[in-house]
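Peer 1: I'd like to ask you about the structure that follows.
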Amino acid sequence: MAGALTERDFVTKLERAGFTKIEIPERSPMGVDDCALYPLFTNEVLDLMRTLIPPQRQQTIGTAIVVRARVDSRIGFLPRERGTTIFTDVPRPEAGETEH
């Protein structure tokens, strides 16, 4: 999952998808120049951001997070909202939990 969500909303979506033991061990400020690393941000969007966001705020427009979570490997799938299902392509161990 990726996108512009509040941290709480992101964790809630992970919980609804079946993840447990959700941790956020790292947070890093993200600026306009960092956005250029992602295809979502075209040159036109970056130019617009540089025009509309005051220069003194361009270094920290968001926060990038690293998430560590677990899913029970015996489940074999992750339920999604609206009743759809995503099947994981991660090799499943014999028993227990798998860290993703």
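Peer 1: Considering only residues of the range 58-80 that are aliphatic (A, V, I, L, M) and surrounded by 14 or more Cβ atoms within 10 Å (Cβ to Cβ), which is modelled with the lowest pLDDT?
Peer 2: Leu78
Peer 1: Within the range 1-39, which residues are closer than 21 Å to Asp72 by Cβ, touching a Leu at 6+ places or on another chain (Cβ under 7 Å) and outside any loop (DSSP other than H, G, I, E, B)?
Peer 2: Ile22
The values are calculated or read from the model by the stated rules, or taken from the named source; none is laboratory data. The structure presented is a predicted model; accordingly, all values stated were derived computationally and were not measured. Heads up, the Cβs are rebuilt from the backbone with ideal geometry, glycines too, and the neighbour counts pull from every protein chain shown.
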